[in-house]
Structure formats: structure tokens, C-alpha cells
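Accompanying notes for the structure given below.
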Amino acid sequence: MKHSVILWLSFIALLTLAYCKPKPAEDDTHRHQTSAAKQTIVVNDSAFRKMIVNEHMVMATLYQQTAAEYRALCYQAFNLGKLMLEADLADKSVDKHRIIILDVDETVLDNSPFQAKSVLESTSYPYNWDDWCQRAIAEPLPGAIEFLKHARANGVSIFYVTNRKEYLKDVTVKNLAAFGFPQADAEHVICRTDEASKEGRRQELQKKYHISLLFGDNLNDFAEDFEGLGVKPRLQAVDRMSAMFGQKFIVLPNAMYGDWENALYNYMSSAPDSVKFEMRRKWLHSY
């Protein structure tokens, strides 16, 4: 037993000497390599940080561009719109000319290429937005044109109420007309002028017409009741007005952006990306 203890202590002593052996001095070449490695790490870290600025948008943009489910939801929305329009047309008590009001972006036109460019170049709205709009190449959402042509064939007029600013009106009309959207003209495309809220524009139309249906991807496209609300109040407002959805209000899917995201940030759109990153994660409900 005594012999075993002595052997064990000798082994520990050898290990101690091995680990305490002084390291040879670094030559200039080694120091240069170490410095270069550290610099590479810093550069890569900077590139990584730049990359993750919009990383949360990747799956949402891919969903819109590649998911057959997204396409199905668009067809579903416009098919439902057709059914509800037929019901409205059967109402003989309506004594005004019928119209349909639609938002433009992510309701009839697909702007996911703009979102993709923002992801790949680590930029955000409004950077590149004017350039994208002026190209007038945003494609129609699946089912949109067919539905609107059906509405026109039944004497219903179409109004595109968009928050694109007035100076983008001509290119917006050009884009809609290029793909054959009915009534794509200056009278029926109503852009944002003074305020972001669409309520005033809807009220002006309601004075003259009967609004059969409203289409949008953002709750603010339907009623001012939803404007400026936080996450939970928005949910509660939808519950209060649940009977309107699928009947008068037809919602198109948009996971890329909108007031649902602004509500996560308490409408602090200018907050640093690092702050928004933390805000998003705080809203996650786990178990």
C-alpha cells in the first residue's frame, strides 16, 4: 500500500513539471499569425452581426416566395371573397353603387423581392423602396386578378387604397395596369397624402358608394379600431369584431412586415436592431 502511494505521488509530480514547463518565446511570425487570426475573427464577427440584422425576415420571405400553403391561402381569400360578393349582390336593399376596397402591397401585389433584397443586403425600408416601386414589376397575388375581373363583370367598381405615397402613384398605376388589374387608373388608385390612417379615405368612399368588401394584409386596412394598439389589445379587438372576418373583411397573409411587428416594438420603429432583437424574443411564449 505504501509503495502504491509513493508511485501515485511521483506521477502527480511529473504531471506538475510537465504543465509548469515554460513556453518558448513567440517569434514575430507566430505573433503575426495570432494577430491575423484575431483580426479575421473580428471581421467575421462584424459580417455575422451584419447578416443577422434581417435574419428574422428570412423564413417569412421564403414562406411567401416558396410555400404552396401561402399560395393556397391567397386563393382561399379570393375564393371566399367571391362567395361573399355573390351574397352581397343578392341583397336588393342596397341602393348605392357597389365597390370593393383593397390595399395594394401584399394584398394584390407581391413585394417579396424587395424584402429579399433587404435581407441579402442588410438594409431595411425605406432603403431601395422607391427603386423597387419605380420598376413597376411587382407581380399579382394568386387569384387577385381573376377575382377582380369577376367583380367588374358584375358591375362592381374597384378602389385601391394604398399607403404608398402620392409621388409613387403613377408607377403604382403602371404596375397594376401592366398585369391587367381592372380600373388601374388615377381615379381608382388612392395613395397616402397627409396621414397614414386610411379611415378618412374609406369614409369619403362610403359617402358615395356601398362598400361590399374590404381586402388587406394589415388590420388597419379595415377599420381605425385597430390603429396604434399593442399586441394584446390588437388580439382583443379582433375578438370583438370576429364576425366581420370572412364576411366583410378578407385578410391576406403577410408574415414579412406590418403593424403586427410594429406592435412588438411598441411602435418604436427607429429602435436599434439589437433592441428589436430582444423585444422579439420577449414575446415568445414557451413552456
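Values in this text are rule-based calculations from the coordinates and carry no lab data. Just so we're clear, the structure is a prediction, and the values are computed from it rather than from any experiment. Heads up, the Cβs are rebuilt from the backbone with ideal geometry, glycines too, and the neighbour counts pull from every protein chain shown.
Return the whole-Å distance between the Cα centroid of the range 257-286 and the Cα centroid of the range 99-130.
So the separation of the two Cα centres works out to 19 Å.
Students often check this: by mean Cβ neighbours within 10 Å, which of 187-196, 161-170, 210-219 ranks highest, and how do the rest follow?
210-219, 161-170, 187-196
Quote the relative contact order of the range 50-282 in percent (integer), defining contacts as alpha-carbon pairs under 8 Å separated by 6+ residues.
Once divided by the residue count of the range 50-282, the mean separation gives 26 percent.
Can you work out ³J(HN,Hα) from phi for every residue in the range 96-104, in order, using Karplus 6.51 cos²θ - 1.76 cosθ + 1.60 and θ = phi - 60°, giving whole Hz and x for Gly and Pro?
10, 5, 7, 9, 10, 10, 10, 5, 9
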